[in-house]
Each structure stands twice: as structure tokens, then as C-alpha cells.
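To start, the structure itself, in C-alpha cells.
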Amino acid sequence: MSAVSLSRAIDRLFIVDPGLHRLLGGARAALASVLAGALGIAPALHLGLAITTGAVGILFAMIAPLFLRDARRLDWYESLAWQYGVACASFAAAAVASAWPAVGKAGFVMVLFCSMLCQTQGPRTVGCAFLAIAMYYLGLYLHPAALQVGRMLAMSIAGPAGVVLVCRMLLPTHAAHTPRLIARSVSLQAACIARSDVPGAGEWGAMAHLLALNEAAIALENHASTLDERDARALHAALVALEIAAARRVLNHDRTDAAAAALRAAIARFETVAGEVAAPMAAARPPATPRHARALPWTADWRTLAWLPAIRAAAAACAAMLIGQTLSSERWMWAVLSTFVVFFGTYSCADTIYRGAQRVAGTLAGALASVLVVSAVHHANAVVVIVMGVCVFAWAYHILHAYGRGVFFLTVLIGVVYAQLGFEIGALAELRIGEVLIGCAVSLAAAMLVMPLAASRHIATRSHGLLAALRELVHERDDGTRPAAPQTRMADRRFHDVRMAIRPLAAWRLLRASGDARRLLDTLLVCWLYGRIVATRLPVEFGESAVAFERHARAAIVTRIDALMSDLDRGRSMPLEAAASVGHGTLAIAGDPPLPTPRELARLDAKLIELNRAFEDALFGKTTGEERSHRSDSSVRATDVREALRCSGI
């Protein structure tokens with residue numbers, strides 16, 4: 001491979017994985033698992049013990065690196081100690097309870113319920129939750145005798161030892177290096193937009209880079225918390241200028257050399273500022289994790305716990321347990337685990353359906369692949385170890401952002417492990433598919449029957465939060481200043497929340513050959529981008545004749561946003577006639593001479609009217625069939641005409 005090809009490959013890694021978080025996380029999990037296996041299994045075999053003696057340490061080393069995210073060394077070791085303690089306690093409890101099947105099953109449901117409660121409490125607690133449910137499953141499945149439990153817990157020290165060796169020595173997490181890696185990802189994303197021809201709105205290449213640029217910018221500012229106020233302001237200003245230049249090039253479909261030059265100048269300015277603040281960030285000591293963020297659930301306010309998802313998951317787990325036992329008395333735990341992972345991190349019926357479909361698809365493909373892999377490498381022990389390491393790496397790389405792919409590699413890993421333990425892989429693959437199908441089907445039923453949350457209501461709630469943040473960005477401030485960095489990033493985060501909420505609905509609507517959810521997401525995206533552009537403008541930057549008009553226009557846009565928020569609160573979309581009349585005459589005042597005010601205000605106003613129609617189609621279904629088709633075609637033309645008239649009349 002030539003140097004140019006290698007450089008392009010590295011750049012591609014930074015583009016698809018900002019800061020290389022997923023790559024490094026997967027590498028840490030794989031290396032820690034291999035080291036834990038070497039440190040745990042080799043002594044066990046030397047002493048004549050079963051190969052499963054090192055299972056606790058290996059499983060801990062596989063999961064823990066994903067959730068050890070503390071910047072300070074002492075906080076990191078504190079998180080490691082909590083997670084290791086919870087893992088050992090859960091395994092020991094399961095081993096003891098396995099002597100009484102009814103007690104073991106009840107304990108499994110209780111551990112699942114408590115783990116579901118913790119999903120909103122931060123990485124440390126989420127890591128404890130995942131380790132608790134995984135270790136309880138391991139203890140129930142192996143149901144070791146008391147002497148074997150002691151040996152397994154003694155050998156489990158290989159797990160944290162491997163994690164420390166990898167995460168603190170071989171692939172250490174340096175708070176000073178992370179911002180540099182993320183800054184490189186920001187520059188590369190912006191460079192992709194500068195190089196692109198920015199084709200029509202139907203192609204999402206440039207828009208995808210724009211969204212990834214914003215996510216990387218958010219991550220960079222999160223890691224820049226050690227900067228003093230002056231450097232933090234300079235970094236934020238450079239980031240915002242870069243994002244606005246990129247957004248204007250994409251939104252305006254501007255293919256001119258001038259637009260590309262402006263974006264490249266913004267990139268150069270950002271790289272200069274990032275280079276200047278890199279040294280202070282490297283020298284600064286990472287801030288201590290706030291006490292409330294490090295607290296475990298029993299010290300948290302009970303109202304912040306995820307009660308409804310926990311109740312749904314517990315109900316589904318009980319049903320999956322009863323049905324799964326009819327298929328297998330030894331593997332019913334797979335059905336219960338499926339209910340846990342399907343409900344964990346989901347907030348609506350559509351989320352649950354989407355997660356369940358990903359799990360089923362990943363399991364089906366992974367079961368087939370595991371049969372093929374085991375048939376090919378079953379007798380080559382060195383190759384089997386390599387395959388296991390690759391599967392752990394790929395699972396850790398994908399599981400937190402591409403769940404279906406993560407399940408695929410996990411299923412392959414499970415098949416290879418069980419084959420090495422002497423199980424027949426074909427029957428095992430069939431059994432796993434059956435148990436996963438049971439768990440996902442029961443989870444879907446529970447999501448629809450046990451206090452369900454409709455996807456439309458969830459999206460409406462998230463959209464309300466985004467509109468509230470946009471309102472703060474757009475409205476005129478008494479002191480004539482721009483929005484502060486926290487307000488800007490709040491709007492960014494809320495848009496990404498809406499995007500995640502719409503994603504399962506968009507996938508479901510795609511199967512029904514409907515573009516309503518996609519149109520809603522597109523419209524929200526454009527409103528968010530224009531809102532950010534408008535927020536960077538100061539009325540005092542223009543002549544006196546433009547100031548009065550812009551203030552009037554901002555007030556009208558705020559009024560329109562208030563109307564949309566009010567109707568989302570009532571769970572219905574506002575009438576189209578009312579939407580069109582809110583501030584209708586504010587952006588084209590009859591008899592006024594043309595003013596040099598920005599086109600973004602007019603376009604934001606037009607997109608807010610279009611947003612109301614998108615809410616109706618995607619969430620509330622007020623138009624159907626031929627009427628929807630006719631209106632969707634005409635609304636595009638009407639929007640273009642309205643924008644042209646308003647922009648020319650300003």
C-alpha cells in the first residue's frame with residue numbers, strides 16, 4: 001500500500017469514527033479479553049481445572065472497557081472497582097440461587113428490572129447494569145458448586161488486570177490526545193463538504209457530512225472543558241463559523257469557487273485555533289467527575305430512574321421465561337436476555353420494534369455465519385482464538401451505534417465458543433434463533449400492551465424540545481448578543497435526539513412506501529440549520545433600515561414557533577390556515593423598498609410553515625391517499641414560490 005493510499009485510509013477512519021472512539025474501544029475490548037483469557041485459562045488448565053474457570057474474568061474484560069470513560073485516573077479506577085464488585089456479586093448470587101430454580105428465575109427478573117432502572121444514570125452505572133445481567137446469566141447457566149465459585153472468582157482477577165494493562169498502558173486513554181483526534185475529524189468532515197459539488201437536495205452525501213461535523217464539534221467542546229473562558233470562546237467561535245460556512249454551502253447548493261474558498265478559510269481558521277488551544281488542553285488536569293454523575297442509582301432521585309421501561313421489560317421477561325422453557329430448559333435465559341437488550345435504551349413502541357428487528361436480523365445472519373465459521377476453523381485452535389478476538393473487536397466497535405451488526409458478531413462469537421466447549425453447532429444455532437424470536441416477540445407485545453408510548457407522542461415531545469431551543473436561538477436579546485455556547489449546543493443535542501426518535505419510524509414507513517417521516521426529518525433539519533445561521537447574526541451588523549425589519553421578522557418567527565409548540569403540547573397539529581396566518585405579513589411588507597437583509601430569515605419562516613404540514617402527515621395523519629399525494633407535490637412548488645417571493649420582497 002502506498003503512502004497516499006494509507007493516508008486516505010486513515011482519513012477515512014477519522015471521517016467515519018470521530019476521534020477514533022469506536023476503533024480504540026473495540027481494540028481495548030478485544031485485547032483485554034485475550035489477555036484475560038491468557039491469564040485466566042492457562043493457570044486453570046495447568047492446575048487441572050475446567051476451562052470455564054476463567055469465564056468471569058473474560059466476560060468482565062469484554063464488557064468493562066466500553067463503559068470506563070472517566071478522564072481522571074482516580075475516577076477511572078473507582079469506576080473499575082464498582083463494576084468489578086457488581087460483576088462478582090451478581091455471579092455469586094446467581095450461583096447460589098441456581099440451587100433453587102424458582103429463586104434463580106425470580107432473581108434473574110429482579111436483576112433485569114434493577115438494570116433497566118439504571119439506564120439513565122451515566123456510563124458507570126450502565127456498565128454495572130450490563131455486567132450484572134451478564135454475570136447473573138453466566139452463574140445461572142453454569143450453576144457451579146461452592147468450591148468452583150470460589151475458584152472462578154479467584155481467577156476472575158485476570159479480568160480487571162487485563163483491563164488495566166490495556167486501558168492504562170497499551171492503549172491508554174489520554175484526555176490531552178482525544179481533542180486532537182476529534183479536531184482532525186472536524187477538519188476532514190468540513191473538507192469533504194468543501195470538495196463536494198453539493199448536488200440537489202435528493203442526495204444526502206454532503207448533508208451526512210454536515211451532521212457528522214456537528215456531532216464531532218459537540219464532542220470536541222465537551223472535551224475542551226479544561227480551557228479557560230477566553231480559549232473556550234475562541235474555540236466555540238471558530239467551530240460555529242466553520243459549521244455555518246458548511247451549512248450555507250450545503251443549503252444553498254452553492255457550487256461556486258467562492259463558497260468553497262470561504263469554507264476552506266473557515267477550516268484554516270479552525271485548525272489555527274485548535275492548534276493554539278491544544279497545548280493548554282494537554283497541560284490542564286482533567287476535571288473531576290461531578291459527584292452526582294458518579295453516584296449509583298440508590299443515591300439518585302427515584303424520579304430520574306426509568307420506571308416504565310423497567311416495568312415493561314420485567315413483564316416481558318416473565319412471559320419470555322415461561323415460553324422459552326418450553327423450547328429449552330437450559331437456554332431459556334437467551335429469551336430473557338433478548339427482552340433486556342430490546343428494551344434497554346428504547347422509549348417508544350417504534351423504538352422497540354426497530355431494536356427487535358435489528359436483533360432478529362443480526363441473530364439470523366450470525367447463526368448462519370457461525371455454522372460456516374465453525375465448520376471451517378473448528379480444529380485450528382490458533383485460528384479460533386483469532387476469530388474470537390476479531391468478533392469481540394467487531395462487537396465492541398458496532399454495538400453502541402449499529403446494533404444489528406453488533407448482534408451479528410456476538411452471535412458468531414457465541415457459536416464459536418460453544419463449539420469449542422463441545423456443543424453441536426447446528427442444533428445450537430436453531431435453538432438460539434428460536435429463543436431470540438420468543439424474546440423479541442414477547443417484547444413487542446409488552447411494548448404495545450404495558451403502558452405503551454406511541455412513537456408519534458415521543459417524536460412530538462422531542463420536537464417540542466427542539467422548537468424551544470430554536471426559539472432561544474432566534475429571538476432577539478435585549479443586550480444584542482449572540483446565543484452562548486451552551487444554548488447553541490443544547491439546540492444541536494435536541495435535534496440529534498429528534499433524529500434518533502424519528503429513525504425507527506422512518507424505517508417502518510420506508511417499508512410502507514411512505515416518505516412522511518423522511519419529510520418531517522428533512523424539514524426539521526433545515527429549520528435547525530437555518531435557526532443556527534440566524535442565531536449567528538446581529539442586527540447591529542446592518543444598516544438602520546434593516547434593523548427594524550429584522551426585529552419584526554424575528555418576532556414573527558418566534559410567534560410561529562410558539563404556535564407550533566402549543567399545538568404539539570395538545571397532541572395535535574395546528575390547522576394549516578392558522579399556521580399560514582401567524583406573522584404572515586412580516587417578511588414581505590407592502591410598499592417597502594428592498595432591504596439588504598438575509599434570506600435565511602425568510603427561508604426559516606417558510607420552513608416553519610412546511611414543518612406544520614410535516615407534523616400532520618408523519619405524526620397525526622390528517623391527510624391520506626390522493627389528497628396527501630396532491631398536496632405533497634404542490635407544497636414543494638408552493639414553498640419554492642413563497643421563498644422566492646419573500647426573498648425578493650425583503
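The values are calculated or read from the model by the stated rules, or taken from the named source; none is laboratory data. None of these values were measured; they are calculated from a predicted model. Virtual Cβ from ideal backbone geometry, glycine too; neighbours counted across all protein chains shown. For accessibility, only protein heavy atoms count, side chains too; no ligands or nucleic acids. Shrake-Rupley method; radii C 1.70, N 1.55, O 1.52, S 1.80 Å.
General remarks:
- Qualifying residue in the stretch 139-150 (condition: outside any helix (DSSP H, G or I), at pLDDT below 90, of a type outside the set (D, E, K, R) and closer than 30 Å to Leu529 by Cβ): no
- Any hit, the stretch 346-367, residues being over 23 Å from the mean Cα position of the chain (by Cα), open to solvent by 40 Å² or more (accessible area, probe 1.4 Å) and touching a residue at least 24 places away in the same chain (Cβ under 8 Å): yes
- Scanning the stretch 503-518 for residues that are open to solvent by less than 80 Å² (accessible area, probe 1.4 Å) and either at pLDDT 85 or above or not in a helix (DSSP H, G or I) (or both), we see that the one that is nearest to Ser463 (Cα to Cα) is Gly515.
- Qualifying residue in the stretch 159-166 (condition: open to solvent by 20 Å² or more (accessible area, probe 1.4 Å) and without any contact (Cβ under 8 Å) to a residue 12 or more places away in the chain): no
- Glu330 falls short on exactly one of the conditions (1) open to solvent by 30 Å² or more (accessible area, probe 1.4 Å); (2) at pLDDT below 90; (3) within 21 Å of the chain's Cα centre (by Cα); (4) charged (D, E, K, R), and that condition is (3).
- Taken together, Ile15, Ile41 contain a single residue that is free of Cβ contacts under 8 Å to residues at least 40 places away in the same chain and open to solvent by less than 60 Å² (accessible area, probe 1.4 Å), which is Ile41.
- Unique residue being within 28 Å of Leu400 (Cβ to Cβ), modelled with pLDDT of 90 or more and open to solvent by 60 Å² or more (accessible area, probe 1.4 Å) when the list is Met116, Met135, Met110: Met110
Conditions (1) at pLDDT 90 or above; (2) under 12 Å from Ser443 (Cα atoms); (3) of a type in the set (Lys, Arg), marked per residue:
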position	(1), (2), (3)
Phe340	yes, yes, no
Ala369	yes, no, no
Ala376	no, no, no
Trp395	yes, no, no
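- Residues of the stretch 142-156 that are of a type in the set (S, T, N, Q) and either in contact with a strand residue (DSSP E or B) (Cβ under 6 Å, 6 or more places away or on another chain) or farther than 17 Å from Leu421 by Cβ (or both): Ser156 alone.
- Flag if Phe91 is open to solvent by 40 Å² or more (accessible area, probe 1.4 Å) and either touching a helix residue (DSSP H, G or I) at 6+ places or on another chain (Cβ under 6 Å) or over 25 Å from Ser443 (Cβ atoms) (or both): no
- Selection from the stretch 386-399 of residues that are open to solvent by 40 Å² or more (accessible area, probe 1.4 Å) and either under 18 Å from Phe423 (Cβ atoms) or free of Cβ contacts under 8 Å to residues at least 24 places away in the same chain (or both): Ile386, Met388
- Subset of the stretch 400-413 (residues that are open to solvent by 30 Å² or more (accessible area, probe 1.4 Å) and of a type outside the set (D, E, K, R)): Leu400, His401, Phe408, Phe409, Leu410
- Looking only at residues in the stretch 551-582 that are of a type in the set (Ser, Thr, Tyr) and farther than 12 Å from Glu616 by Cβ, the one that is modelled with the lowest pLDDT is Ser581.
- Any hit, the stretch 74-82, residues being charged (D, E, K, R) and either crowded, with 23+ Cβ neighbours inside 10 Å or out of contact with any Lys or Arg (no Cβ under 8 Å at 6 or more places or on another chain) (or both): no
- Inclusion of His379 among residues that are without any contact (Cβ under 8 Å) to a residue 40 or more places away in the chain and either of a type in the set (Gly, Ala, Ser) or open to solvent by 60 Å² or more (accessible area, probe 1.4 Å) (or both) is warranted.
- Exactly one residue out of Gly422, Gly426 is surrounded by fewer than 17 Cβ atoms within 10 Å (Cβ to Cβ) and on the phi > 0 side of the Ramachandran plot: that is Gly422.
- Identity of the residue in the stretch 281-303, open to solvent by less than 50 Å² (accessible area, probe 1.4 Å) and farther than 30 Å from Val86 by Cβ, that ends up modelled with the highest pLDDT: Met281
- Residue check for Gly40: at pLDDT below 90, within 21 Å of Ala95 (Cβ to Cβ) and assigned to a helix (DSSP H, G or I): yes
- Criterion: surrounded by fewer than 16 Cβ atoms within 10 Å (Cβ to Cβ), out of contact with any His (no Cβ under 9 Å at 6 or more places or on another chain) and at pLDDT 80 or above - qualifying residue of Met490, Met500: Met500
- Where Ala232 falls short, out of the listed (1) part of a helix (DSSP H, G or I); (2) modelled with pLDDT under 85; (3) crowded, with 18+ Cβ neighbours inside 10 Å: (3)
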